[in-house]
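> The structure that follows is given in the form of structure tokens.
The values are calculated or read from the model by the stated rules, or taken from the named source; none is laboratory data. All values reported here derive from a predicted model rather than from experimental measurement. Virtual Cβ from ideal backbone geometry, glycine too; neighbours counted across all protein chains shown.
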Amino acid sequence: MPEHSPAGPALTVRYLGGPTALLEIGGVRLLVDPTFDAPGEHPVGDRALTKTMDAVAGPDEIGPVDAVLLSHDQHPDNLDDGGRAYVLAAPLTLSTGIAAERLGGTVRALPNWEHAELPRPGGGTLRVTGVPAQHGPDGTEHLTGPVTGFVLTGDGLPTTYVSGDNASLDVVREIAGRFAPFDVALLFAGAARTPLVDGDLTLGSAAAAEAAAILRAREVVPLHFEGWTHFSQGRDTLTEPFASFPAGFHLLDPGQEITL
């Protein structure tokens, strides 16, 4: 198992609201789950999800990235119309196999435990490994569809986990068994709920703290816990479960940036 990385190039996280975050690591710029649309109703099948927050930065402000990390394409709270346009213009998007089929262009499937190597400006590479994610309780995958998470590694870089919409601590244990300890964990939280499934579609606040402990994460940044009405937990429920967590816990405001 890898040890915590030595002092070296850091990870910068800019939280842009919902699941969207701009990451800079080892000179590589990555955008997680791009969402840029205005608040309102966003159809998904015969239902709709309701967005309540404006995007804090648009594609022009974000500028070009080296790659998009897209956990899945089938839900508008993770990829909306503005996000789709951004993906079509991006040099590379790593996602699920079905997302690659549906979106086309430069979207590339990254199966579980396989990896892509992204060149770093100063030499060397950033390795992006696809890892499992389960978007709901056991047995609901046929309803919610495939989702992926990501692990970022590289010489002298912080080992970083991007969970995507995962609700399973068993999945977290499987990932920890291969990669822990982690320097940074970006955990999608919010305990999302819809009438489609009886149970949480993403980690609740207490489960997110338990996931961080399983991962032996040094720093934790929650994502995807506000801005949509289908979250049953949010900013006000995240602090307490992490109160005794030995790692650094960073509950960012929309638009806020932190270097870890």
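> Within the range 1-22, which residues are within 16 Å of LEU152 (Cα to Cα), touching a Ser or Thr at 6+ places or on another chain (Cβ under 7 Å) and at pLDDT 95 or above?
Of everything in the range 1-22, those that are within 16 Å of LEU152 (Cα to Cα), touching a Ser or Thr at 6+ places or on another chain (Cβ under 7 Å) and at pLDDT 95 or above turn out to be LEU11, THR12.
> May I ask you to say which residue of ASP66, ASP33, ASP60, ASP77 is over 18 Å from HIS230 (Cβ atoms), surrounded by 14 or more Cβ atoms within 10 Å (Cβ to Cβ) and among the acidic types (Asp, Glu)?
ASP66
> Could you check the range 149-260 for strands (runs of 3 or more DSSP E) lying wholly inside it with 1 or more residues that are under 17 Å from the mean Cα position of the chain (by Cα), surrounded by fewer than 19 Cβ atoms within 10 Å (Cβ to Cβ) and modelled with pLDDT of 95 or more?
Numbers: elements: 160-162, 184-188, 219-223, 257-259.
Ranges flagged: 257-259.
> Pairs, please: C-beta under 9 Å, at least 6 apart or cross-chain, first residue more than 21 Å from ASP236 (Cβ to Cβ) and in the range 246-259, second of a type in the set (S, T, N, Q) and in a strand (DSSP E or B)?
What qualifies is GLU257/THR12; THR259/THR12.
> Which of (1) under 18 Å from LEU88 (Cβ atoms); (2) under 16 Å from the mean Cα position of the chain (by Cα) does VAL131 not meet, given it meets every other one?
(1)
> Could you check the range 67-98 and list, in sequence order, the residues that are over 21 Å from PRO39 (Cβ atoms), small (Gly, Ala, Ser) and either in contact (Cβ under 8 Å) with a residue 40 or more places away in the chain or part of a loop (DSSP other than H, G, I, E, B) (or both)?
ALA67, SER71, ALA90, SER95, GLY97
> Which numbered condition in (1) under 19 Å from the mean Cα position of the chain (by Cα); (2) crowded, with 17+ Cβ neighbours inside 10 Å; (3) at pLDDT 95 or above; (4) not β-branched (Val, Ile, Thr) is the only one that ARG120 fails?
(1)
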